[in-house]
Amino acid sequence: MQVQFNNKFEEKLIHLTLKIQKLLLYRIIQRTLLLIFPFALFGSFIKIIQTIVLGKEGFLTDVFPTIDNDFIYRLLENIANGLYNLSLGWVSVIAVFGAAKYSAKYFNRDDQLAGITGISSFLIVDYSYSKIQPISFHPQILGMRGLLFAILWGIFVGWLFKKCSKQIPVTQSNNNVLERTFISLKPIIFSLLIAMLFSTFINITYYSEAPGNFINSLASEYTNNNDWSQLFKTLIFSIYTLIMSFFGWSGTYSALGVEKMDVLSTANLNYALEKHTAWNAPNPFTSSTLYHAFATFGGTGSILGLIIAILIISKNKDFQTVARWAMIPSIFNISGGVMTGIPILFNVIFLIPFILAPIANMLMAAIAIALHLMPPSVYPVPIGTPGPLIAFIGTNGSWRALIFSILAVVISTLIYIPFVKMAAKVKILDDLGLEEGVK
């Protein structure tokens, strides 16, 4: 099917995307993301209940009636935690199954055993050696933050099946399970042994707070009362935004609930409590005042703008369906559904706006703060606060901050619109969602 291109940039980017989509690795990744979409979407809604409604620091905690009965509260909390852990919190386990299955199927190997082997070996890699809990895992790797590793591990397991087992005959469906097992026994053993080596290494060197530590590393005790001098520091946060956006695009980072009070943010809060105002805070350009207040609407990548862009201009039925279902979680900055349903993760078309939209919003906010058009966001904000309200609450109710937040949503939407159109054209030319397999 032929499509018309609006300009040379669009034509080159679409052709580049189509070339990349022909790669086996890319097709396996995209198929795997579509496989985990319903679990990520369901987990996103559970996350709203778990963190934002029931959580002690959640945005809606004070809105709903307080549950005085401790037994009932604990029961609801345990149910929510269990549902989340086995959906969005377990999404990497589903991903490793899909990646191993699709890889083995492409090489005409036993895809069912490859998928099961992928899960078993992945859980061995993620196993946490603890004397307190006999059976425990690193939860970050099981969830969205472990998605990239899970997919790569699944592809590796599929490759082992290619190298260490025979092709499955066309009449394999007539063979018994025991025969199929012995055909695939060698890659199964190799996968589990290699997983044990990885597990030992991870338990020695494991750390799970890399994004948070990176946030803190940007803070220093140096302050300068000259706003224009501090504006230069936004260049540092531009680099920070690039890195965080790439982490979000690859699934290893989420903006929900990761904000920490660094040295500069603490100084701002102390100033505001003492002076009873956020105006003229000593450190107007920090991760709290710029990145978290203006660059994470809907989640990493300011994808609330993407959802709005899809709802406004996209005629693609799949995009519209995903956007409508993912809208509510994204309002509370929970992006798992839209990240896997479009998908945005590892999607070449959306990498550019995924990085550009947060940077544009952050620089807009920095200029507004430098020109004293609005105060910086210095007060703590509840977890799951809708993106456009973060700066409003963080400035203790500044309507100027709310206006610039709405402007940030508009900027994000405008940035995403041309790329939504490109993604629709790519889907027309090569729709991975229509495939039954990865061949």
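The values are calculated or read from the model by the stated rules, or taken from the named source; none is laboratory data. Note that the coordinates shown come from a computational prediction; the quantities given were computed from them, not determined experimentally. Don't worry about glycine lacking a Cβ; one is built from the backbone with ideal geometry, like all the others, and counts go over all protein chains shown. Heavy atoms of the whole protein, side chains included, go into the accessibility calculation; ligands, DNA and RNA do not. Shrake-Rupley method; radii C 1.70, N 1.55, O 1.52, S 1.80 Å.
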query = Among Ile344, Ile334, which is the only one that is buried (at least 24 other Cβ atoms within 10 Å of the Cβ), within 24 Å of His15 (Cα to Cα), β-branched (Val, Ile, Thr) and touching a residue at least 24 places away in the same chain (Cβ under 8 Å)?
reply = Ile344
remark   = Picking from Ile344, Ile383, Ile411, Ile428, the residue that is of a type in the set (A, V, I, L, M) and at pLDDT 90 or above would be Ile411
request  = Please work out if Leu356 is open to solvent by 30 Å² or more (accessible area, probe 1.4 Å), at pLDDT below 90, among the hydrophobic types (A, V, I, L, M, F, W, C) and in a helix (DSSP H, G or I).
outcome  = no
query = Looking at segment 163-199, which of its residues are open to solvent by 70 Å² or more (accessible area, probe 1.4 Å), modelled with pLDDT of 80 or more and either more than 15 Å from Asp111 (Cα to Cα) or out of contact with any Pro (no Cβ under 8 Å at 6 or more places or on another chain) (or both)?
reply = Lys166, Phe182, Lys186, Ile189, Phe190, Leu193, Met196, Leu197, Phe198
Leading residue by the ranking (farthest from the chain's Cα centre (by Cα)) among those in segment 98-139 that are among the polar types (S, T, N, Q) and either surrounded by 19 or more Cβ atoms within 10 Å (Cβ to Cβ) or assigned to a loop (DSSP other than H, G, I, E, B) (or both) = Asn108
request  = Filter segment 390-430 down to residues that are of a type in the set (A, V, I, L, M), under 15 Å from Ala278 (Cβ atoms) and surrounded by fewer than 21 Cβ atoms within 10 Å (Cβ to Cβ), then give me how many there are.
outcome  = 2
request  = Starting from segment 12-25, keep only residues that are of a type outside the set (A, V, I, L, M), then list their pairs with residues that are open to solvent by 90 Å² or more (accessible area, probe 1.4 Å) whose Cβ atoms are within a distance under 6 Å, requiring at least 6 positions of separation or different chains.
outcome  = none
query = Of the residues that sit in segment 16-57 and are within 28 Å of Pro386 (Cα to Cα) and of a type in the set (Lys, Arg), which one is modelled with the highest pLDDT?
reply = Lys47
query = Can you tell me which residue in segment 368-400 is farthest from the chain's Cα centre (by Cα), limited to those that are in contact (Cβ under 8 Å) with a residue 60 or more places away in the chain and not in a loop (DSSP other than H, G, I, E, B)?
reply = Ala370
